[in-house]
Amino acid sequence: MYGIPEFRLPKKIVAKEVDTLKKLGVKIETNVVIGKTLTIDELFEMGYEAVFIGSGAGLPNFMGIPGESLKGVYSANEFLTRSNLMKSYLQSPETPIMKGGKVAVVGGGNVAMDAARTALRLGAEKVYIVYRRSMEELPARREEVEHAEEEGIEFRLLCNPTEILGYNNPDDVRDPKNGFVTGMTCVRMELGEPDERGRRRPVVIPDSEFTIDVDTVIMSIGTSPNPLIKSTTEGLEVNRHGGIIVNEDGLTSRNAVYAGGDAVTGAATVISAMGAGKTAAKAIDEALSK
C-alpha cells in the first residue's frame with residue numbers, strides 16, 4: 001500500500017487480500033508503533049505466546065552530498081508514500097508533492113524505476129535515471145528497465161551526483177523560490193577492477209563534472225531496517241547492516257520471537273518476504289502446538 005505504485009499493484013487488490021485476512025480471523029491494530037506505543041516484551045506481558053517481526057526496511061539511505069536538505073529532494077520512500085497514501089495525484093492534495101518540471105532519480109533498482117515512472121505519471125516534463133554503473137550492472141529487473149525506456153525515461157549512466165544545487169536570492173529572503181532545487185552536479189564514471197564480490201568498481205573520471213537542470217531529486221540508493229525495534233528489544237541480535245539475525249525457521253536470538261522479509265534481508269522482493277512469513281508461520285504453529 002505504501003511503496004508499490006498503483007499502476008503496478010492496484011490498491012483494490014491489496015484491500016481484497018487484507019479483507020480475506022480479516023475474514024480468516026486476523027485482528028489488525030492500526031496506529032501502533034512497536035518500540036514506541038508498545039514493545040516486544042509488553043506484547044508477551046499481554047499474553048501473546050509468539051511474535052513475528054515483519055517491519056521491513058523503511059529507513060532510507062542518502063549520499064551525504066551538499067544540497068540534500070533542499071526543498072524538492074525526496075527519498076524514494078517519501079515520494080512513493082506521498083503519491084500512494086497522501087493522494088498527491090489530486091489537483092489540491094493536503095500533503096503536496098513536486099509535480100511537473102524535470103526529475104532526477106538517483107539509483108538503478110526496481111524502486112528507482114517505480115519512482116521514475118510515478119514522477120512521469122504526476123506530469124514530469126522529463127525524468128532521468130542517474131546511476132554510477134552501466135546498463136549491464138543495473139540491479140533492476142530487465143522488464144522494469146524496458147518499461148521505463150518505453151515510457152521515455154532517459155538513463156544517465158556511468159555518472160554520479162556530487163552536489164545538489166538550489167536557488168538562493170539573498171536580496172529577498174521571502175522569495176518563494178528560495179531553497180528549491182535547480183540542478184545537480186555530477187561526475188562521469190568508468191568501471192575499474194572488480195571488487196571482492198566480482199562487481200567492477202566505478203571510478204571517477206578526472207575533470208568530468210557537468211550539471212543536469214532539474215527541479216526534483218529522488219534518492220533511491222537503498223534502505224535499511226529501522227533500528228527502533230532492535231533498540232527497544234533486549235537480546236535481539238542484528239548484523240552489521242541492521243538486519244535481524246534468524247535461523248532457517250525465522251527464529252531470532254530471542255525465544256519465541258521470529259522475523260522475516262526486509263527486516264532480516266534488507267530491501268528485497270515481496271515474494272521473498274511472503275516466503276519468509278510462511279516459513280515462520282509454520283514454525284510458530286509447530287512450536288505452540290507442542
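The values are calculated or read from the model by the stated rules, or taken from the named source; none is laboratory data. Quick caveat, the model's predicted, so the values are computed rather than measured. A quick note on method: Cβ atoms are made from the backbone with ideal geometry, for glycine too, and the neighbour counts reach across all protein chains shown.
Name the pairs: first residue in the range 268-290 and in the same structural domain as Asn247 (by TED's automatic domain parsing), second residue in a helix (DSSP H, G or I) and surrounded by 15 or more Cβ atoms within 10 Å (Cβ to Cβ), Cβ to Cβ under 6 Å, at least 6 apart or on different chains?
Ala268/Asp262
When the residues of the range 219-242 are narrowed to those that are of a type in the set (S, T, N, Q) and farther than 20 Å from Gly107 by Cα, which ends up surrounded by the most Cβ atoms within 10 Å (Cβ to Cβ)? Steps first, please.
Our first condition is that a residue be of a type in the set (S, T, N, Q); within the range 219-242, this holds for 220, 223-224, 226, 231-233, 239.
Those left that are additionally farther than 20 Å from Gly107 by Cα: 226, 231-233, 239.
Details: Asn226: 17, Ser231: 11, Thr232: 16, Thr233: 21, Asn239: 11.
Among those that are of a type in the set (S, T, N, Q) and farther than 20 Å from Gly107 by Cα, it is Thr233.
What is the number of the single condition among (1) within 16 Å of the chain's Cα centre (by Cα); (2) among the β-branched types (Val, Ile, Thr); (3) at pLDDT below 95 that Ile97 does not meet?
If we test Ile97 against (1) within 16 Å of the chain's Cα centre (by Cα); (2) among the β-branched types (Val, Ile, Thr); (3) at pLDDT below 95, just (1) comes out false.
Yes/no matrix, rows are residues, columns are (1) touching an Asp or Glu at 6+ places or on another chain (Cβ under 8 Å); (2) within 17 Å of Val217 (Cβ to Cβ); (3) buried (at least 16 other Cβ atoms within 10 Å of the Cβ):
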position: Arg82; (1), (2), (3): no, yes, yes
position: Lys126; (1), (2), (3): yes, yes, yes
position: Glu150; (1), (2), (3): no, no, no
position: Gly179; (1), (2), (3): no, yes, no
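Within the range 58-109, track down each residue that is more than 23 Å from Leu165 (Cβ to Cβ), small (Gly, Ala, Ser) and in contact (Cβ under 8 Å) with a residue 40 or more places away in the chain.
Selection gives Gly58, Ser83, Gly109.
Pairs under 9 Å by beta carbon, first residue without any contact (Cβ under 8 Å) to a residue 60 or more places away in the chain in the range 198-214, partner assigned to a loop (DSSP other than H, G, I, E, B), six or more apart or different chains?
What qualifies is Arg201/Asp195; Ile205/Leu158.
Within the range 179-217, track down each residue that is in a loop (DSSP other than H, G, I, E, B), touching a strand residue (DSSP E or B) at 6+ places or on another chain (Cβ under 8 Å), at pLDDT 95 or above and of a type outside the set (Gly, Ala, Ser).
If the condition is that a residue be in a loop (DSSP other than H, G, I, E, B), touching a strand residue (DSSP E or B) at 6+ places or on another chain (Cβ under 8 Å), at pLDDT 95 or above and of a type outside the set (Gly, Ala, Ser), then Ile205, Glu209, Val214, Asp215 are the ones that fit.
Would you check if there is a residue in the range 241-261 being among the hydroxyl-bearing types (Ser, Thr, Tyr) and under 25 Å from Ser134 (Cα atoms)?
Applying the first criterion (among the hydroxyl-bearing types (Ser, Thr, Tyr)) to the range 241-261 yields 252-253, 258.
Adding the requirement that they be under 25 Å from Ser134 (Cα atoms) leaves none.
No, the range 241-261 contains no residue that is among the hydroxyl-bearing types (Ser, Thr, Tyr) and under 25 Å from Ser134 (Cα atoms).
When you scan the range 18-31, how many residues do you find that are under 25 Å from Ala76 (Cα atoms) and either loosely packed, with under 11 Cβ neighbours inside 10 Å or touching an Asp or Glu at 6+ places or on another chain (Cβ under 9 Å) (or both)?
Of the residues in that region, 2 qualify.
Being crowded, with 16+ Cβ neighbours inside 10 Å and either farther than 30 Å from Gly166 by Cβ or assigned by TED's automatic domain parsing to the domain that holds Asn255 (or both): is that true of Ile212 here?
In short, no.
Name the single residue that is farthest from the chain's Cα centre (by Cα) among those in the range 57-75 being buried (at least 17 other Cβ atoms within 10 Å of the Cβ) and among the small types (Gly, Ala, Ser).
Selected residue: Gly67.
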